[in-house]
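The values are calculated or read from the model by the stated rules, or taken from the named source; none is laboratory data. Only a predicted model underlies this, so the values are computations on that prediction, with no experimental measurement involved. Note that each Cβ is placed from the backbone with ideal geometry, even for glycine, and that neighbours are counted across all protein chains shown.
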Amino acid sequence: MSARSSGFTLIEVVIVIVLLGILTAMVMPRFVNLTGEARDSALDATAAAIGAAMAMNYANCRINPLNQQQCQWVNGCNAASVLRVMNDGTVIVSGEAAIPANGYAVSDAPDNNDESTERRCILTNHTGQTQTFTAFIAEPSR
């Protein structure tokens with residue numbers, strides 16, 4: 001009587017390992033770039049949130065100028081202005097150096113018109129990528 005052993009042969013195991021290697025090589029490039037795309041999306045979302053907060057603040061100042069609590073003073077593209085309009089903690093800004101604690105820096109775009117109530121601002125992340133948003137100059141009524 002011959003005893004038949006069950007299991008895989010060496011050649012079957014090698015073929016499976018080679019196929020898994022090929023599949024990994026095909027799928028890996030898709031996942032490698034996800035970190036960069038996530039960083040880009042976070043920068044875009046942060047710039048959009050700051051721009052929306054600036055627009056809402058400007059509207060509050062224009063529609064209801066007597067309500068000092070809803071109108072925050074915005075004097076340009078700087079960390080202090082961003083901090084005043086993003087008071088819900090979405091963007092944490094520290095110091096006069098215009099460097100938020102979450103790795104973003106806020107600065108003026110070079111082509112701004114000082115006479116306008118709209119200013120183009122540049123938001124820069126820690127890798128140097130930039131995105132623009134619009135700051136609306138607003139001052140509470142006195």
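Pairing residues of region 49-63 that are closer than 13 Å to GLU139 by Cβ with residues that are at pLDDT below 85 and among the aliphatic types (A, V, I, L, M), at Cβ distances under 7 Å and at least 6 apart in sequence or on separate chains, gives ASN57/VAL74; ASN57/VAL85; ASN57/ALA138; TYR58/ALA138; CYS61/ALA138.
In region 12-26 there is no residue matching the filter, namely being modelled with pLDDT under 85 and part of a helix (DSSP H, G or I).
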